[in-house]
Amino acid sequence: MKTFQNWPDHYPDPSWFIHDRFGLFIHFGLFSIGARHEWFMTTEEIAPETYRETYFDQFNPNLFDAAVWAKQLKTVVFNI
């Protein structure tokens, strides 16, 4: 487990997080279609074939643009 004490020197100093204490991690993928969580195939015991047949053809992230998302988040609250 990484801690502040053993954080490698080539990484930026994470002390800013102690002050700001707010971040965002977006889980985005095929599981997003199920509108639950990234482990729902496992926890709900959905067979891989069923999972693929049900969700794969529906997943089309062609409207996903990380730069646009970051710009929008920056305008509302995040210091990116």
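Summary of computed values
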read-out	value
Selection from the stretch 14-51 of residues that are of a type in the set (G, A, S) and either more than 26 Å from A70 (Cβ to Cβ) or surrounded by 12 or more Cβ atoms within 10 Å (Cβ to Cβ) (or both)	S32, G34, A47
Identity of the residue in the stretch 36-80, part of a helix (DSSP H, G or I), of a type in the set (F, W, Y) and in contact with a helix residue (DSSP H, G or I) (Cβ under 7 Å, 6 or more places away or on another chain), that ends up nearest to L24 (Cα to Cα)	F40
Qualifying position, being at pLDDT 75 or above and touching a Phe, Trp or Tyr at 6+ places or on another chain (Cβ under 8 Å), among S15, S32	S15
Matching entry among T75, T54 (being surrounded by 10 or more Cβ atoms within 10 Å (Cβ to Cβ) and of a type in the set (S, T, N, Q))	T54
Search result, residues across the stretch 50-77 that are touching a Leu at 6+ places or on another chain (Cβ under 8 Å) and of a type outside the set (S, T, Y)	F56, F59, L73
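The values are calculated or read from the model by the stated rules, or taken from the named source; none is laboratory data. As the structure is a computational prediction, the values presented were derived from the model and not from experiment. Backbone-built Cβ (ideal geometry, glycine too); neighbour counts: all protein chains shown.
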